[in-house]
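Right, one structure below, let's go through it.
The values are calculated or read from the model by the stated rules, or taken from the named source; none is laboratory data. No experiment lies behind these values; they were computed from the predicted model shown. Cβ coordinates were reconstructed from backbone atoms using ideal geometry, including for glycine residues, and neighbour counts include every protein chain displayed. All accessible areas refer to the heavy atoms of the entire protein, side chains included, with ligands and DNA or RNA removed. Shrake-Rupley method; radii C 1.70, N 1.55, O 1.52, S 1.80 Å.
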Amino acid sequence: MLPRPYSLLFAALAATLATTACAQTTAAAPTLPAVKPAAISNALPAPAVDPLLPRVRAAIDAAERGPFDAGQYADIARHPLYGWVEYASLRRNIDSVNNGQAQDFLNRRGNEASGDAFRDIWLAATARREDWAAFTAAWTPKNSSGKDRSVSLRCAELNARQALGKADAQWTKDAQVIWRSSGKSLPDSCDAPFAVLAAQGGLSPELRWERIDAAAAEWQPAVMRAAARGLPADQLAQANDYAAFLDNVNERALAWPKTERSRKIASYGLAKLAKAQPASAEAQLPKYAAALAFNDEDRGRVLYQTALWSVASYDAQSARRLNAVPEVAYDERLHEWRAREAMSRSDWAGALAAIRKMGAKQRDESRWEYFEARLSEMAGDKASAARLYRESAKNADFHGFLSSDRLGLPYTLCPVQPKDSAAAKAAIARDPILLRAMGLFQIERAAWAIREWDDALTHYDDTQRRIAIEVAQSYNWFDRAVFSLNKTPNEQRMYYLRFPLHHGDTIRRESARNGIDPAWVAAEIRAESIFNPTARSGANAMGLMQVLPGTGAQVAKSLGLPWGGAASLYDSDTNIILGTAYLRQLLDKYGGQPYFAMAGYNAGPAPLGRWQSQRPGMDPDFWIETISYKETREYVARVLAFSVLYDWRLNGDALKVSDRMRGINNTARKSFTCPASAATATAPLPAETD
């Protein structure tokens, strides 16, 4: 039998699900949707309210403040989230929790996310006090989501085995695996097992040099020195000199032995210098290359960084330095920067040549198909341009939409909307693990909710995982679609999940008040917070539209509205009112050009002013592509693409993106179609991570 809170929630869901049973199929829309996409509702109704959640929230808060009196919360002792109340209390008192209390909790909750979260902190606590028996009793190599424990805990487990007399051959192999796992610094808990490993003869000079080489490649001279300890004296001196070169390029390297290792480490040191001082690295490269007999790979390693950190700011030497990089050293990042740098100088022939030097996979991306078509068209090759535009136009992204505009074609969109049986939905909607995740989300314990969510997903197949996303959306937890729909090709086309609509009345009202397309406002919210009203960035941008408190105060003053302080930005209506008005202010400030306003919204006025002064009068598509900040460049393209998709969801058709980015709103709108050639194709938007 389900606990009462689960029963309440499931009953409400099941009542509606029973009326929507149909065969479980997945089909792409062959042409335009028969109804306006805005009329498409999510498959699950809003869930019933759990009346005990306020008590759970209060109990967790009390447990975190401590001391916790469980008797005051006896009414929720059987609640599905009570494990997290216990966890909060145990976590607060972790250094005084005894083995019996810990083992009791793990026995009862060890297979749940709350128990696994406690296991992590308990393992760390027992390791700190070197209670290796308790550590070993609690140890599992993977967490509840099937992921390996942290390196810190894995090293602590090596300590436990060694202390308990189990440093056998397998222990040696396990320690060596961690030793070789990274060229970067490892946690302090790894120091003791590495010391034992060395004392037992498990760190040969070869293994030490392997880690030194890996650290040099990561530009980690301190790690190189640490790994070198224990080498024979002559090798130790050489290793330390290698590390010193990464700290500060110096001419002692000219006398190094002419070995592959010397060449590589000298090139790593010069490459590291190139990131900060491209001109200095370029000037010094010839003498080290001659002294140590650099090959093309060694030279390319330095010249790559020299070019990259020049072109990132469009230095006057960018083109020359890009051309100096051997082709064997080019990767996708440098290929795109070569094209972008030429565009920044309006060197259209050079940009076209740069695109044609890309590998086939990169060149076939809709972005580069579009720009190759655009540049071919400018060069008079209309046949090639038309062919490339057609290929790019198969993609439902910014450059695919631009390509459709160039050809005068409808936008390609092939939405997938699966239909599942009521029984399949009900089975997921009543999953206790998933319902714990939803409850935690409702009481704003996002990290814990994600832990339960990840645990639930380990038990699901693709269909169940997608239904779980629908359940999450019924709770207004919209970002699960973004972070969890990425495993099968069709999932990129589940637009009704990936592009949710919420606070629609407020968005429409404030958009109308400010003379802004509501699809743009919805797109901004999707790009900024994925409709999470409590989102907060590292820069302290807050709420749905990620408004900075200072900006919120300024906009509120300009509107004659009372300012309720930073916390008011977590109110959805307030955030949309201020965020939309701020978009209007930016639009007015930047000449009615939305693509400038979007760039300013993301990067701020100083970078935007610099980009405007560097490339005045440049066509918007080229200007956007030559934004030097990757985040802003992709942000502007993403918001423009999202605007088209939200226009479709709101209206069933869309303003042309080529007009939208210029602030032209009174032209003919575009329809959508799903050609047979595009029905099985996918074009993922830029990756988004949890």
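Miscellaneous remarks
- Count of the stretch 576-622 residues, restricted to those that are without any contact (Cβ under 8 Å) to a residue 60 or more places away in the chain and touching a His at 6+ places or on another chain (Cβ under 9 Å), is 0.
- When the stretch 380-396 is limited to residues that are in contact with a helix residue (DSSP H, G or I) (Cβ under 6 Å, 6 or more places away or on another chain) and buried (at least 24 other Cβ atoms within 10 Å of the Cβ), the one that is nearest to Asp461 (Cα to Cα) turns out to be Asn395.
- All positions within the stretch 308-324 that are open to solvent by 30 Å² or more (accessible area, probe 1.4 Å) and not hydroxyl-bearing (Ser, Thr, Tyr): Trp309, Ala312, Asp315, Ala316, Gln317, Arg320, Asn323, Ala324
- Condition check for Arg225: among the basic types (Lys, Arg) and touching a helix residue (DSSP H, G or I) at 6+ places or on another chain (Cβ under 7 Å): yes
- Among the residues listed as Pro562, Pro533, the single one being in contact with a Phe, Trp or Tyr (Cβ under 7 Å, 6 or more places away or on another chain), open to solvent by 20 Å² or more (accessible area, probe 1.4 Å) and on the phi < 0 side of the Ramachandran plot: Pro533
- Some residue of the stretch 296-307 being open to solvent by less than 10 Å² (accessible area, probe 1.4 Å), among the charged types (D, E, K, R), over 20 Å from Arg615 (Cα atoms) and in contact (Cβ under 8 Å) with a residue 12 or more places away in the chain: yes
- Within the stretch 428-440, residues that are farther than 19 Å from Ile60 by Cα and in contact (Cβ under 8 Å) with a residue 12 or more places away in the chain reach partners that are open to solvent by 10 Å² or more (accessible area, probe 1.4 Å) and hydroxyl-bearing (Ser, Thr, Tyr) with beta carbons closer than 7 Å, at six or more positions or on different chains, in the pairs Arg430/Tyr6; Pro432/Tyr6.
- The criterion of at least 2 residues that are open to solvent by 10 Å² or more (accessible area, probe 1.4 Å) and more than 23 Å from Asn111 (Cα to Cα) is met by the following helices (runs of 4 or more DSSP H) wholly inside the stretch 418-495: 422-429, 462-474, 479-484.
- Within the option set Arg338, Arg390, Arg374, being part of a helix (DSSP H, G or I), under 26 Å from the mean Cα position of the chain (by Cα) and modelled with pLDDT of 95 or more holds for one residue only, Arg338.
- Search result, residues across the stretch 75-107 that are free of Cβ contacts under 8 Å to residues at least 12 places away in the same chain and open to solvent by 70 Å² or more (accessible area, probe 1.4 Å): Ser96, Asn98, Gln101, Asp104, Asn107
- Restricting the first member to the stretch 167-180 and to residues that are closer than 14 Å to Ala199 by Cβ, and the second to residues that are at pLDDT 95 or above, the beta-carbon pairs closer than 6 Å and six or more apart or on different chains are Trp171/Arg161; Thr172/Gly202; Ala175/Leu158; Ala175/Pro193; Ala175/Leu197.
- Pairs with Cβ under 6 Å, 6+ apart, first in the stretch 449-471 and of a type in the set (Ser, Thr, Tyr), second at pLDDT below 95 and open to solvent by 10 Å² or more (accessible area, probe 1.4 Å): Thr458/Ser145; Thr458/Gly146
- Criterion applied to Ala266, Ala290, Ala276 was being out of contact with any Leu (no Cβ under 6 Å at 6 or more places or on another chain), closer than 29 Å to Asp234 by Cα and not charged (D, E, K, R), and the one residue passing it is Ala290.
- Qualifying residue in the stretch 638-655 (condition: at pLDDT 95 or above, open to solvent by 40 Å² or more (accessible area, probe 1.4 Å) and assigned to a loop (DSSP other than H, G, I, E, B)): yes
- Whichever residue in the stretch 325-343 is free of Cβ contacts under 8 Å to residues at least 40 places away in the same chain and in contact with an Asp or Glu (Cβ under 8 Å, 6 or more places away or on another chain) and, among such residues, is most open to solvent (accessible area, probe 1.4 Å): Val328
- Residue tally, condition open to solvent by 50 Å² or more (accessible area, probe 1.4 Å) and either not aliphatic (A, V, I, L, M) or not in a helix (DSSP H, G or I) (or both), over the stretch 354-366: 6
- Filtering the stretch 134-155 to residues that are buried (at least 20 other Cβ atoms within 10 Å of the Cβ) and among the charged types (D, E, K, R) leaves only Arg154.
- Restricting Ser114, Ser152, Ser144 to those that are within 31 Å of the chain's Cα centre (by Cα) and not in a helix (DSSP H, G or I) reduces the list to Ser144.
- Considering the conditions (1) surrounded by fewer than 21 Cβ atoms within 10 Å (Cβ to Cβ); (2) more than 15 Å from Phe642 (Cβ to Cβ); (3) touching a helix residue (DSSP H, G or I) at 6+ places or on another chain (Cβ under 9 Å), Gly538 is excluded by exactly one of them, (3).
- Matching option when the condition is touching an Asp or Glu at 6+ places or on another chain (Cβ under 9 Å) and among the aliphatic types (A, V, I, L, M), among Ala227, Ala233: Ala227
- Residue within the stretch 164-187 that is basic (Lys, Arg) and open to solvent by less than 80 Å² (accessible area, probe 1.4 Å) present: no
- A count restricted to the stretch 604-627 and to residues that are open to solvent by 20 Å² or more (accessible area, probe 1.4 Å), of a type in the set (Gly, Ala, Ser) and either in contact with a Phe, Trp or Tyr (Cβ under 6 Å, 6 or more places away or on another chain) or not in a helix (DSSP H, G or I) (or both) stands at 1.
- Criterion violated by Met545 - all others in (1) surrounded by 21 or more Cβ atoms within 10 Å (Cβ to Cβ); (2) part of a helix (DSSP H, G or I); (3) in contact with a helix residue (DSSP H, G or I) (Cβ under 7 Å, 6 or more places away or on another chain) satisfied: (2)
- Any chance Asp234 is of a type in the set (D, E, K, R), assigned to a helix (DSSP H, G or I) and either open to solvent by less than 60 Å² (accessible area, probe 1.4 Å) or touching a Gly at 6+ places or on another chain (Cβ under 8 Å) (or both): no
- Candidates are the residues of the stretch 397-414 that are of a type in the set (D, E, K, R) and open to solvent by less than 30 Å² (accessible area, probe 1.4 Å); the one that is farthest from the chain's Cα centre (by Cα) is Asp405.
- Filter result (touching a residue at least 24 places away in the same chain (Cβ under 8 Å) and crowded, with 22+ Cβ neighbours inside 10 Å) within the stretch 283-292: Tyr288, Leu292
To keep it simple, each residue is scored yes or no on (1) more than 27 Å from Asn323 (Cα to Cα); (2) small (Gly, Ala, Ser); (3) at pLDDT below 95.
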position: Lys357; (1), (2), (3): no, no, no
position: Ala360; (1), (2), (3): no, yes, no
position: Leu402; (1), (2), (3): yes, no, no
position: Ala423; (1), (2), (3): yes, yes, yes
